[in-house]
Structures are given as structure tokens and as C-alpha cells.
Amino acid sequence: MAMLNNSAFEHWWLTNSGGNIIWTDPPVCVSEQCKLYDFTLTDVRQYYVHNVLWPLADSPDVDGVFIDQTDWGACDQSVSQQTPAKMAAMFNGSLQWMADFGALMNSNNKWPIYSSLDEFSDLSWSYHPCPYPEELQVSALQSIGYFRYYEDFIDITNNPVHCVMQIQNFMKEVALGIPVVTHTMSRPDRNITFSMAGFLVAAGDYCYYSYSSGWVDGNWQWWPEYDLKIGQPLGLAVQDGQSFTRQFEFATVTVDCVTFTGKIVNVA
């Protein structure tokens, strides 16, 4: 809090095209308005990595660190209120701290989990499109190990095209050796099988699936679907229109992006 109100650090905060500090609202901030770091500045990036992130991550009880909205300030013009040039500089600055923090984590046998809005240039599915393709992130982070995180995986819109392209984007990441973490919020009109099947048709090594009704302990439970015997995948998923099917040792998994349904059928 001392830094937030210290005029010596006034230049550290992101400003709009008029030079005024941008105050963001929830959900970017948890419960009240807050400022955004200006990641175009080297000293801001170094402080964020070494004085904010690493002290939290440097614990023998911590194996990984989840960082939400890594590119929000650069990928959402309604939040950043920036000129295109400043947004591009913010995006590149964000990639730099992600690379620096990832290298620090990796040197201590830990991996970061990065939530982002971007996708590959040929798969513009996003409900909140980022003007910078995922190829730039992959290139900037090619020398580190990290997880890509999806919030509300294939379930954030009721758009079949978004569902298909998000699965395709996930599959491209896995093909590049990038492990993926997904989370989907439960909702009354769909069951767990839809997002779980969508995860399974795309997942590779070290990918993780999660499903809950919120973020505190009481919002999580063990689902019967977690006990299904599926086994190892026998190959990649096969796409037929807007559905995907993948064969596993003990099950056939199908996800349909038109009906928003999934099936996990045991074959053993």
C-alpha cells in the first residue's frame, strides 16, 4: 500500500493516452479499484518478478505458481485504454517478465501456470480477442517450461465455433509440447462430461483438468467421472464437423460442440 501512494513510484503505473493513471474495476481487481503495473518499464518488470512473484514462489511447499490474466493490460483495450503502440509494448513487456519469471522458476525445478487470452493466428476463437497471436508467446517462452491455462474451457460462450477452435488451439499447444491446465465452472444446464470430454480429446502429457462451482474449498468435490477407467490414448482425436472423437485403451470419448454434450463410453 505504501508504494501505491508513493509519488516516487507514480511512473510505475499504467496510464491512458491522456497520461492519467488507469484505475481498473473488479473482476480485474478482487474487490476494489486498483492500478496496473506498466510492464513496458524494465525496473517495473524486475520488481514484479523478484519482489512480488518470487518471494511467494520460493518455498519448498510450492511446486508451481498460477498467474491470472498475464496479458490483460495489453489484450483488452477497454481496460488498458492505450494506443496500439503502447498496447504492443505492454504485450512485449509482459512476455519479458513471463520469460524471466519462468526461467527463475525452472532453475528451481518449478513451473509457472500462465493464464492468457491469446490464441494461434489461424484460430481466432476468443470471446475476448487478443490482437497478438499465440505464436509470439510461444517464441518468447520457447526456452522455459510453463503451463497454458484456460478459464471456463469450451464453456464460456454458447458458440459452437468458439468451442471447436478452443479445442483445436489446445491440441496445437500439446503438439508443441506445451502442457495445459483447464478449469470449467459448473452450471445447471450442463454436466461435467461436456468439458471433461473436451479436455480428454485434446490433452497430452502433464495436462490437468479441474471443475468447480467457485474458488474456495467448499466449491470443489470429487466427481464419479474421475473414477472412470479410460487408460492411455491410442492416437489423436478425429474431428468430424464440430465434434471430436478420441479412442483410449478402455473408452471412447466424444465431445459435440453443437449440442454442448460429451460422452465417455467404456469399451472394456
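Yes or no, residue by residue, for (1) under 23 Å from PHE260 (Cβ atoms); (2) without any contact (Cβ under 8 Å) to a residue 24 or more places away in the chain; (3) within 16 Å of the chain's Cα centre (by Cα):
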{"residue": "MET90", "(1), (2), (3)": "no, no, no"}
{"residue": "SER94", "(1), (2), (3)": "no, no, yes"}
{"residue": "LEU104", "(1), (2), (3)": "no, no, no"}
{"residue": "SER116", "(1), (2), (3)": "no, no, yes"}
{"residue": "TYR132", "(1), (2), (3)": "no, no, yes"}
{"residue": "PHE147", "(1), (2), (3)": "no, no, yes"}
{"residue": "GLU151", "(1), (2), (3)": "yes, no, yes"}
{"residue": "ILE154", "(1), (2), (3)": "yes, no, yes"}
{"residue": "ILE178", "(1), (2), (3)": "no, no, yes"}
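Under the condition of being assigned to a loop (DSSP other than H, G, I, E, B) and either modelled with pLDDT of 90 or more or touching a Pro at 6+ places or on another chain (Cβ under 6 Å) (or both), which residue from region 15-51 is surrounded by the most Cβ atoms within 10 Å (Cβ to Cβ)? I'd like the intermediate steps shown before the answer.
We begin by selecting, within region 15-51, every residue assigned to a loop (DSSP other than H, G, I, E, B); these are 16-20, 22, 25-33, 36, 38-41.
Those left that are additionally either modelled with pLDDT of 90 or more or touching a Pro at 6+ places or on another chain (Cβ under 6 Å) (or both): 38-41.
Working: ASP38: 20, PHE39: 25, THR40: 20, LEU41: 15.
Selected residue: PHE39.
Contact list please: Cβ distance under 8 Å, first residue in region 189-213 and within 23 Å of TYR146 (Cβ to Cβ), second residue among the charged types (D, E, K, R) and buried (at least 19 other Cβ atoms within 10 Å of the Cβ), pairs at least six apart or on different chains.
SER195/ASP155; LEU200/ARG246; VAL201/ARG246
When region 171-200 is examined, which residues are found to be open to solvent by less than 40 Å² (accessible area, probe 1.4 Å) and not aliphatic (A, V, I, L, M)?
If the condition is that a residue be open to solvent by less than 40 Å² (accessible area, probe 1.4 Å) and not aliphatic (A, V, I, L, M), then GLU173, PRO179, THR182, HIS183, THR184, ARG190, THR193, PHE194, SER195, GLY198, PHE199 are the ones that fit.
Can you tell me which residue within region 53-72, out of those that are part of a loop (DSSP other than H, G, I, E, B) and free of Cβ contacts under 8 Å to residues at least 12 places away in the same chain, is least open to solvent (accessible area, probe 1.4 Å)? I'd like the intermediate steps shown before the answer.
Applying the first criterion (part of a loop (DSSP other than H, G, I, E, B)) to region 53-72 yields 58-63, 68-71.
Filter again for free of Cβ contacts under 8 Å to residues at least 12 places away in the same chain, leaving 59-61.
Details: SER59: 31, PRO60: 128, ASP61: 138 Å².
Per the criteria, the residue is SER59.
Has region 2-14 got at least one residue that is open to solvent by less than 80 Å² (accessible area, probe 1.4 Å), at pLDDT 85 or above and in a loop (DSSP other than H, G, I, E, B)? Walk me through how you get there before you give the answer.
Just the residues of region 2-14 that are open to solvent by less than 80 Å² (accessible area, probe 1.4 Å), to begin with: 3-4, 6, 8-9, 12-14.
So of that shortlist, the ones also at pLDDT 85 or above come out as 12-14.
Still in the list and also in a loop (DSSP other than H, G, I, E, B): 14.
Scanning region 2-14 turns up at least one residue that is open to solvent by less than 80 Å² (accessible area, probe 1.4 Å), at pLDDT 85 or above and in a loop (DSSP other than H, G, I, E, B).
Rundown of residues vs (1) surrounded by fewer than 17 Cβ atoms within 10 Å (Cβ to Cβ); (2) touching a strand residue (DSSP E or B) at 6+ places or on another chain (Cβ under 7 Å); (3) outside any helix (DSSP H, G or I); (4) among the aromatic types (Phe, Trp, Tyr), yes/no style:
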{"site": "ALA74", "(1), (2), (3), (4)": "no, no, no, no"}
{"site": "GLY93", "(1), (2), (3), (4)": "no, no, no, no"}
{"site": "TRP97", "(1), (2), (3), (4)": "no, no, no, yes"}
{"site": "TYR114", "(1), (2), (3), (4)": "no, yes, yes, yes"}
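Residue by residue, here is whether (1) outside any strand (DSSP E or B); (2) crowded, with 17+ Cβ neighbours inside 10 Å; (3) touching a Ser or Thr at 6+ places or on another chain (Cβ under 7 Å); (4) not β-branched (Val, Ile, Thr) holds:
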| residue | (1), (2), (3), (4) |
| --- | --- |
| ASN109 | yes, no, no, yes |
| ASP118 | yes, yes, no, yes |
| SER139 | yes, no, no, yes |
| ILE154 | yes, yes, yes, no |
| MET165 | yes, yes, no, yes |
| GLN168 | yes, yes, no, yes |
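Restricting the search to region 221-234, which residues are part of a loop (DSSP other than H, G, I, E, B) and either open to solvent by 100 Å² or more (accessible area, probe 1.4 Å) or at positive phi (or both)? Let's see the steps before the verdict.
We begin by selecting, within region 221-234, every residue part of a loop (DSSP other than H, G, I, E, B); these are 221-223, 228-232, 234.
If the condition is that a residue be part of a loop (DSSP other than H, G, I, E, B) and either open to solvent by 100 Å² or more (accessible area, probe 1.4 Å) or at positive phi (or both), then GLN221, TRP222, LYS229, GLY231, GLN232, LEU234 are the ones that fit.
Identify the residue in region 201-220 that is open to solvent by less than 60 Å² (accessible area, probe 1.4 Å) and in contact with a helix residue (DSSP H, G or I) (Cβ under 9 Å, 6 or more places away or on another chain) and, among all such residues, is nearest to VAL267 (Cα to Cα). I'd like the intermediate steps shown before the answer.
Going through region 201-220, the residues open to solvent by less than 60 Å² (accessible area, probe 1.4 Å) turn out to be 201-204, 207, 209-212, 214, 219.
Restricting the remaining residues to those that are in contact with a helix residue (DSSP H, G or I) (Cβ under 9 Å, 6 or more places away or on another chain) gives 201-204, 207, 209, 211-212.
Working: VAL201: 16, ALA202: 20, ALA203: 20, GLY204: 21, CYS207: 23, TYR209: 22, TYR211: 25, SER212: 28 Å.
Across region 201-220, the extreme among qualifying residues is VAL201.
Considering only region 250-258, I want to know if a residue exists there that is closer than 21 Å to LYS172 by Cβ, surrounded by 14 or more Cβ atoms within 10 Å (Cβ to Cβ) and touching a residue at least 60 places away in the same chain (Cβ under 8 Å).
Yes.
The values are calculated or read from the model by the stated rules, or taken from the named source; none is laboratory data. Computed from a predicted structure; not experimentally measured. Note: ideal-geometry Cβ built from the backbone for every residue, glycine included; neighbour counts use all protein chains shown. Ligands, DNA and RNA are excluded from the accessible area calculation, which covers all protein heavy atoms including side chains. Shrake-Rupley method; radii C 1.70, N 1.55, O 1.52, S 1.80 Å.
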